[in-house]
Structures are given as structure tokens and as C-alpha cells.
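Colleague: Below is the structure I would like to discuss, written out as C-alpha cells.
Rule-based calculations on the coordinates, nothing more; no lab input. Everything numeric in this text was worked out from a predicted model, so none of it was measured. Neighbour counts are summed over all protein chains in view; Cβ atoms, including those assigned to glycine, are modelled from backbone coordinates with ideal geometry.
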Ligand SMILES: Nc1nc2c(ncn2[C@@H]2O[C@H](COP(=O)(O)OP(=O)(O)O)[C@@H](O)[C@H]2O)c(=O)[nH]1
Ligand SMILES: [Mg+2]
């Protein structure tokens, strides 16, 4: 066909045109009904395949990517696809990621959310709490001391007052007089106690409020600390959305989400990474996301957390292996990434990330993948995504689990060391080096390969139709038809023998009857003239009785033959119907119902008509009127007698001569009758045989129809195969 495919858009249009040309055969309908039916079936079958192909081509056109080298990260949920992509986004400064990280830093600075500031706040909250407790204890003891002092002073005052009253009441008169000039010591002491109490009472409020102030100060300090902490926590909440790892899953299935695309530019080399939803869901919507992603992709990383070959599914429920085969069959470059789960820095201390056992299992995995995907499968790469992510994720919410894990890993090694130990450094070199260098060729090759695979998929469908349905149907139908023909031929031969022997029997009977009758009459002494007349009469009577009996007997044989071939044909029709039920319905991917083969075998009209024709012709054979008359006409008695004189005198001699004339003539008459009868019968039989041949042709006709169908399909299949090879070749050779 010589496709000249210069622009990307051309390929789909040209492939579409080629498919139309190859599959759009037999637009004209033959006037022969059988041929027209085959053509119609062919149109149905090829039309179904073409419809499906066109739809797939449209989807390829819609989702195909010709400019940006696109790499899909494909696998089950939780394999670590997003972790890996997030790490690459940070490492390679993907635009959206850079913006998020700037936002993170801005929020962090605005709220002084450095780890030191957060720690200081935490310490202050603790300290102020402690201070409150201390102040409360102090205050309690001070209040208690104050109360105790007050009550002591008051007790003393009351005691002295009582002493003075008592003293004055009991003193002799003179002493009372002396008291007017000199107060008793007790009264002086009482005045002093009074003064002390008053001084205490005046001072007391001030001392109490002093304690209250201390209390207030401590509470205020704590309130300040707690409020700072609350603000910090609120700010941390605002920080969280900007933190590294936002695209990493929480372990729940992410199959309801669509595919996310991240654009990278590494030193002018542009490429996109697709984060494809997990393949474990079988919901049709997810499957559409996955399909569109792999249609776009020019290379695929199959990410798995298990160092084991992908699981096979159950009948009706495809496993990972089958999904890989269907989703990635038309890819030109597929790698496996084994994401080893590492939770502890100690695991990274070993000389190699992957154990010997795991390496063996990964070898098995490679073999399996190559068996599924052929030469387009590359190899496996081992790495550990999460520690690699932690090594570069410096925008993490302080105190978050990720931040704590990061600290745990960084305690043991530097970020660069971590990147090397997790296998991430070498993966990064591969990805940004050889992998994307030749991207233009890869894009072209991948897209052409997809179009080629599309066509070869149709070839597979047509081949399956041929080998699974049409061929077995044709072979079995042919076998059944041939066996039916053989049986009809045998029945025909035995009809012929049967008729011959019936005629022979009738002629034998005729000979016997005529001889017996004429012998009887000879015995009664006839002269030669009367003998001649009597002999002619007997022959005529014998022929008449034969003409009467023969048709019924011949008719019986022909009827039996009719029944026999009817049975053979009916049996064949039954078998053919069974075969059609088994093979005559063809499913085509993408079409709702199966296509029914329109092969003329379940319909008995033609065969029925032919059987009728055979019997009509056969009936001619069974009507011997014509040839019996012919026999009589052709016959003239040759009765010659030797010496008439001797006969005249000797009756015995005459009778002997007459018997001999009977024997000789009867033999000739019988031979002549047989000759004419068989000749005429065989002439008619030729007609029967011709009709039987027509019947046999009709019996084998349906398998010949199939042969035509098969050849036409085979031609389309061969042309499509060529087209698919050519497309793939052009993709490679560019
Ligand atoms: N321990 C450990 N956990 C990992 C590793 N890679 C991914 N995870 C965790 O597995 C979960 C799912 O990871 P994610 O990258 O979202 O997987 P995806 O569904 O394939 O995108 C997250 O909780 C990750 O932290 C790893 O190498 N080690
Ligand atoms: Mg994910």
C-alpha cells in the first residue's frame, strides 16, 4: 500500500483508510442467492471487525501523545507509585511541586514554625504550668501563716484585757488610787498587744493582695504560653496541605481517582510522568482511566511491592498478570520497579538493598513478564521509595509521623547516602539519562506500534473466527455431506440392481408361464398353424400380465429408494443444524450480539425440490408400458419346421418339434424383452443419476459456500497482517 506517514495525524487517517479498503469488500451483491448470502455474512463479519477497529483507532487518535515523552507508573494501589513520583518531583524540581514547597516555607516563616520555636513553646507551656503549681503552694502557706499570726495576736490581746479587768476589780482602794498615777504593767502590755494587733490588721489586706498578684501572674503566663501553642497548632494545620508527600496514599484503594500527570523539564529535556490509578479495581470508570493513560504512554514502569511474579487470576476474574497482558500488550518499553518496603535504617545498612532470595524471585518475574510482553519488556529495577522520599522531603509538618521517620533515617546517614542506598540515585540517572535521550524515536515507535497492534488485534480476531468456527464447521459439514452423498450413491446403485433383478424375475415368470401354457396346449395336439396362433396368443397374454404386474413392483422399489434418500437428507440436515448451532454464531469484540452465519443448510427447500425431481424421473423407470409395447412390436415369431411330412404322420414327433420351437423362440423373446426393457430403463436411469448428482451437489454446496467465505476472510486477514507489519516497521525504521 506504501503508506507515507509524515505527520502524526496522518497515521490514524491512513490506517483507517486502509482498513476501510481491506474490509470494505463485496459492496456489490451477487444475483445468485447463495453467493449473495455468503457476501452478506462476510459483510456482517468484516463490518463488525471494522466498527471495533475504527472505534479503537478513534480512541488512539484522541489519547495519543506525539510531543511529550510520557511515562506511566502503573501497578496496584500501595505499590509506591505516588511515593516514587513525589520523590522525583522534589528531586527534579517539578513546577507544581516547587510552588507547593514555596507555599509551605511561607506559611512556616509567617508563623515561626521552626522546630526550635515549636519546642520553645512546648517548654514554656510546661514551665508555666509548673510555676502555677509553685505559686499556689506558696500562697497557701502564706495565707495559713497570716491567719495563724492574726489569731495569736488576738488571743494575747483578749487574755491581757481579761487580766487587767480582773486586776482592777479585785484591787484594794489604795491600789486603785495608785493606778490613777501609774498604770499597772499588765495594762501597759495590753496596750502594746492592742497596738500590735491593729498594726497587723492594717497591714493584712496588702499582704493578701500580694499573694493574689503572684497567683495572677502565674496564670497569665500560662495562658500566654497555651495561646501561642494553640496558634502554632492552627498554623501547623495550615501547613499540612503544602507538606511533601501530599500525593502519597493512605493505604486505601485509589481506584476512584483519575490519572495525575506531572511535567518535568530536566536541562531542556521534557517528559511527563503519569500517576495511574491502582489496577486492582475492576470498575469500568477506573479501567477507562487506566486505558487512557496507557494509550498516552510511550514507556511504562510497572511498580510492585512484591518480589514475585504477578498473580494469575481466576476464570472470569483477571489477575494482575492478565491485566498487564491486556493493558501493556502494545507498549514498546516496559520496566518493572521493585519497590522494597524498608521501615528501618538498619535495613539499608546491608551491602545490597535486595536479598538473594528476592533477586531469584525477580528473575522469575522478568521471565514471566517477557513471556507476556515479548522483546518489549526490559528488566527490573530495585529501589526503596519511601526512605528515598524521606531523604529529600524537607517540607514536612514538624512533629508529623513523616518528619519523625525522616529524623530517624537521617540520624543514621546523610540525605545523599540515603538516596544512594535506596537505589534512587541510580534510578534517577537512568531516568534522566539514556531513558529520555532518544525520546523522539521512542514516541514514534510507541505510537506506530500501538496502531500496528490494533490492526494485528483485528487479525487475531479474524484468525480466531477462521480457526475456531469456520474451519471446523466447514470440515465437519463437508464430512457429513460426503457421507450423505455416499449413502445416496449406494442407495442409487442398489435401486438399479433391484430394478434389474425385478425385470429379470418378471421375464423369468413370463417365460415359465408361457412355456407351461403352450406345452399344455401342444399336448392336446395342435396342428402347426393353430400352434403358431396359440403360441402368439400366449405370448401376448404373458406380456399383458407382465405389463400389469411390473409397474407396481418397480414402483415399490422406487418408493423405497425415495424414502431412503429422504432419510439420508433429513439426517444430514439435522447434523448440519447441530453444527450451525455449535459454530455458526460468531462473537466479535465490541459488538453486542453474535453474528449468525447465513449458510444454506438449515433450509430444506432446495434439497426437498431435488428429492422431488429425483423421484419424478425415477417414476419414469417404473412405468414400463412403453417398452413392453415396443417389445411386442419388435417381435415376430420365427417358427420353422423341418420335414412337415413327418410331423403330419407322427404326433409325438410334431409335439417335439413344436416344443423345440417354443423353447427356441421363448428364449429369443425373453432376451429381446430383457434387452429392450433394460435399455429403456437404463436410459431413464441416466436421468435419475443426473438428478441425484444435482442432489449431491446441493448437499456439498453449503461447505462450498463456507469455503468461499473462508477464502474471502483469509484474503482480508492476510492484507491486514501485512498492514500491521508495515505500520510497526515504519515506526521502527524512522
Ligand atoms: N515502609 C514503606 N512504605 C512504603 C514504601 N513505599 C510506599 N510506602 C507506603 O505505602 C503507602 C502507599 O504508597 P503510595 O506511593 O501512595 O502507593 P500507590 O498507591 O502505588 O501510589 C504509603 O503509605 C507509603 O508511605 C516503602 O518503600 N516502604
Ligand atoms: Mg497513588
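Colleague: Of the DSSP beta bridges with both residues in the chain, give the percent that are antiparallel, rounding to the nearest 5.
Modeller: Antiparallel: roughly 35 percent of the beta bridges in the chain.
Colleague: Separate question: If one takes the longest principal axis of the Cα atoms in the chain, at what angle in degrees, from 0 to 90 and to the nearest 10, does the Cα axis of helix 651-733 lie?
Modeller: 20 degrees
Colleague: Where does the chain land at 222 nm, in deg cm²/dmol rounded to the nearest 500, when only DSSP H runs of n ≥ 4 count, each adding -39500 (n - 2.57), divided by all residues?
Modeller: So the calculated ellipticity at 222 nm is -25500 deg cm²/dmol.
Colleague: Here is a follow-up. Which of rounded, prolate, oblate describes the range 413-558, given a ≥ b ≥ c as roots of the alpha-carbon gyration tensor eigenvalues and a/c under 1.5 marking rounded, otherwise prolate only if a/b is larger than b/c?
Modeller: Because a/c hits 1.5 or more and a/b exceeds b/c, the range 413-558 counts as prolate.
Colleague: Nearest 10 degrees is fine. How inclined is helix 185-239 to the longest principal axis of the chain, computing both from alpha carbons?
Modeller: Rounded to the nearest ten degrees, it is 30.
Colleague: Still on this structure, please answer the following. Peptides 333-345, 507-519: what's the order by average Cβ count within 10 Å, highest mean first?
Modeller: Top of the packing list down: 333-345, 507-519.
Colleague: When the convex hull of the Cα atoms of the chain is projected onto a plane and the area is averaged over all directions, what value comes out in nm²?
Modeller: Orientation-averaged projected area of the Cα hull: 70.5 nm².
Colleague: Using packing as a proxy for protection, rank 473-479, 236-242 so that the peptide with the highest average count of other Cβ atoms within 10 Å comes first.
Modeller: In decreasing order of mean packing, 473-479, 236-242 become 473-479, 236-242.
Colleague: Oh, and also: Determine, for 532, 350, 453, the number of other Cβ atoms within 10 Å of each Cβ, and report the residues in order from fewest to most.
Modeller: Least crowded to most crowded, the residues run 350, 532, 453.
Colleague: Helix 8-23 against the longest principal axis of the chain: what's the angle in degrees, Cα atoms only, rounded to the nearest 10?
Modeller: 30 degrees
Colleague: How many angstrom lie between the Cα centre of the range 224-296 and the Cα centre of the range 444-471?
Modeller: Cα centroid of the range 224-296 versus Cα centroid of the range 444-471: 37 Å apart.
Colleague: Based on alpha-carbon centroids, what's the gap between the range 309-387 and the range 73-134 in Å, whole number please?
Modeller: Result: 32 Å between the Cα centres.
Colleague: Radius of gyration and Dmax for the range 298-374's Cα atoms, expressed in Å?
Modeller: 14.2, 45
Colleague: Something else: Shape call for the range 408-468 from the C-alpha gyration tensor, a ≥ b ≥ c root eigenvalues: rounded (a/c under 1.5), prolate (a/b greater than b/c) or oblate?
Modeller: oblate
Colleague: I would also like to ask the following. Using the number of other C-beta atoms within 10 angstrom as an exposure proxy, rank 708, 455 with the fewest first.
Modeller: Listed from fewest to most nearby Cβ atoms, that is 708, 455.
Colleague: Peptides 488-496, 40-48, 545-553: what's the order by average Cβ count within 10 Å, highest mean first?
Modeller: The most tightly packed comes first, giving 40-48, 488-496, 545-553.
Colleague: In angstroms, what radius of gyration and Dmax does the range 236-383 have, counting Cα atoms only?
Modeller: Cα only, the range 236-383: 17.1, 51 Å (Rg, Dmax).
Colleague: If you consider only alpha-carbon coordinates, what radius of gyration and Dmax does the range 63-189 have, in Å?
Modeller: 42.9, 134
Colleague: Let me ask something additional. Just rank 222, 424, fewest to most, by other beta-carbon atoms within 10 angstrom.
Modeller: Lowest to highest Cβ neighbour count: 222, 424.
Colleague: When a/c is below 1.5 the answer is rounded, else prolate if a/b is larger than b/c, else oblate, so apply that to the range 115-241 with a ≥ b ≥ c taken from the square roots of the Cα gyration tensor eigenvalues.
Modeller: prolate
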